[in-house]
Each structure stands twice: as structure tokens, then as C-alpha cells.
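Report on the structure given below.
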Amino acid sequence: MSAKQSDSANRIDTKRLTLYALFTAAALIFSYIESLFPLAFIAPGVKLGLSNAVTLFLAVRKDYKGAFLVSIVRLLLSALLFGSFISFLFSFAGGMFSLLVICLLNKTGLFSAVGVSIAGGVAHNVAQLVVAYFIIKGAVWYYLPVLALSGALCGGLVGAVSLILLKKIKTNYKL
Amino acid sequence: MKKHDLFIIVAAVFIIALSFLLIKGKNGATLTVKENNKTVYVGSIYKDKNIKLQNNTLIIKDGFVYMKSANCKNNICVHTGKIHKKGESIICLPNKVIAQIE
């Protein structure tokens, strides 16, 4: 009986599945749009991370499972479409760690989308730097100041975008 | 924006400032190379350079220094690997070469 209950609790119904698919598609489009405006001249790997507005939206609406699902599928798909195995390692480590930080901070209920997103942006870039250290085994820490700064700034912008989204999209998609 | 967001902003600024300071401190590191008790090279370890000595080749790349080749038998200096921290050194006794980071 209990196994059956947990089974139905873990199941994603069709409406939610469709929503997650839409969210993933939106995140992928964001990834594509920002690839048209490269910021990598600042330091290798710097980008806005607009697609994180989607996962942030889900996380702030307290759908943590959805945020992780959409994030993982988006990372896999964008690696298959635009990236390589190495770029997947970077983005996966960054994405998962920042999402973990975002979810934990959001669960405290003390911070707004912008604050949560700034922490997520910094966490994202720090995680990438750790991966880079293990791959290159070199002096990657010299990028830390620039990456931490750009992570905070981009995180703040993404947070502001999701704040607007959260205000505009009032529909409660939770079922 | 909530009031507690300030904590995150302060923490982020702190991390950024700290990392800037750490890197600035490390940037001061210079490499001194001595051969036969004479100083033959002094320079930053963040400026890539191939230093050709009489019997050895020393490479500076991306803040790391290593001995690429030496004509001695044991090649201990080559096997020392890459150094980058203050106080670390590569020493080649047969050719009287000392490369130290200060």
C-alpha cells in the first residue's frame, strides 16, 4: 500500500510533464540566445546564464524536484546540441552545485530571488573552477576574482529577470 | 529584494575581495635562477619564458616553473616537477643550478 502511495507521489502527470518540457525548451532557447552575445572575452567561460532564470523560477516557486529535472535535461540537451564532453563536465558541475545552493538558500525563506541568484552565480563559477583545477591541474585560481565577480553580477541580473517573471506569471501551475 | 539579501551581497563582495587579495599576494612571487653561484635570471613566474642555461632548460609557464631538460645522468631536477609556491626550489647539483621562488 505504502509502496503504491509513494509510487503515485513520485509520478509526474501529463500536465506537469508538458510544463517541464516547455520550461526545458525555454531554457534551451535562452542558452541559444545568449550564445549569440558571447561574453567570454572577459574571461574564459563567462556568460550570463539566462537559462538559469527558468530553473530559478521553479526553485523560488518551491518546485525543487522540477528545478533539478529541468536543469539536468537542459544541461544534457545543450551539451548534445552545442557542447562537448568537457564543456558538459563544466556546466554540469556548475549547474548542479549552484542549483543546490539556490534550493538550500530558498528553503530558509530569508532571501529574495535576486539574493539567491547571486549566491547561485558565485557557486556556479566556483564549482566550474574546481572542475577546471582537476582537469588542467594548473594555476586556475587566478581566474577566481574575475569569475566570482562575474558570477555575482550575472547572478544578480538573472535574479532580476526571474523576479519579473515571477511577478508576471501569476498562474499557479502546481496541481 | 528582502532585507537578508544584503548578507548574500556582503558575502559575495567579501569572497571577491578576498580572492583579489590572495592573487595579488601571489603575484609578487619572483623566480631567481643561479648558476655556478651567479644569478643569471630574476623575473616574475607569471611571465612565460624559456630559460636556456649552460646545461639545462628551465621553463616558466602560467605561474609554474619546471626544468624541461638537463644533461646530467640522474635528472633529479627534471623529476622535481612543477613548482609555484613561495620557497619552493628546483636544484640541479651536477650543473650547480638553483631555481628558487621568492
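The values are calculated or read from the model by the stated rules, or taken from the named source; none is laboratory data. Here the structure is a predicted model, which is why all the values come from computation and not from measurement. Here the Cβ positions follow ideal geometry from the backbone for every residue, glycine too, while neighbour counts run over all protein chains shown. Just so you know, the surface numbers come from the protein's heavy atoms only, side chains and all, with ligands and any DNA or RNA stripped out. Shrake-Rupley method; radii C 1.70, N 1.55, O 1.52, S 1.80 Å.
What the table below lists for this structure:
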| item | result |
| --- | --- |
| Accessible area of region B:12-91 divided out per residue, in Å², using a probe of 1.4 angstrom | 63 |
| Region B:29-101, dipole about Cα centre (Lys/Arg Cβ +1, Asp/Glu Cβ -1), debye to the nearest 20 | 60 |
| Area hidden from solvent between B and A (accessible, protein heavy atoms only, 1.4 Å, total, Å²) | 1600 |
| Accessible-area composition of chain B, carbon plus sulfur, in percent [1.4 Å probe] | 59 |
| Using a Förster distance of 30 Å, the FRET efficiency for B:Lys85-A:Ile29 (Cβ separation, nearest 0.05) | 0.05 |
| Peptide A:90-102 - average C-beta neighbours from other chains (10 Å radius) | 0 |
| Spin-label model distance (nm) - B:Lys73 vs A:Leu22, 7 Å beyond Cα toward Cβ | 7.9 |
| Charge dipole of chain A about the Cα centre (unit charges at C-beta), most positive-ward option of A:His124, A:Ala59, A:Gly94 | A:Ala59 |
| Per DSSP, loop trypsin sites (Lys or Arg not before Pro) in region A:92-175 with at most 14 further Cβ within 10 Å | A:Lys137, A:Lys170, A:Lys174 |
| Kirkwood hydrodynamic radius over Cα pairs of chain A, then Stokes diffusion coefficient at 37 °C and 0.692 mPa s, in µm²/s | 197 |
| Amide H contacts of B:Val40 (H built 1.01 Å from N, under 5 Å, at least 5 apart or other chain) | B:Val33, B:Lys34, B:Glu35 |
| Computed [θ] at 222 nm, helices only, for chain A once each DSSP H run of length n ≥ 4 contributes -39500 (n - 2.57) | -25500 deg cm²/dmol |
| Computed magnitude of the charge dipole of chain A (debye, nearest 20; Cβ of K, R +1, Cβ of D, E -1) | 560 |
| 1.4 Å probe accessible area per residue over chain A, in Å² | 54 |
| Accessible-area ranking of B:Thr57, A:Thr14, largest first, probe 1.4 Å | A:Thr14, B:Thr57 |
| Label-point separation, A:Leu165 to B:Glu102 (7 Å along Cα→Cβ), nm | 5.5 |
| Where labels lie 7 Å past Cα in the beta-carbon direction, separation of B:Thr39 and B:Phe14 in nm | 4.1 |
| Residues of region A:109-143 buried by at least 40 Å² on assembly (accessible area, 1.4 Å probe, chain alone as reference) | A:Leu110, A:Phe111, A:Ser112, A:Ile118, A:Ala139, A:Tyr142 |
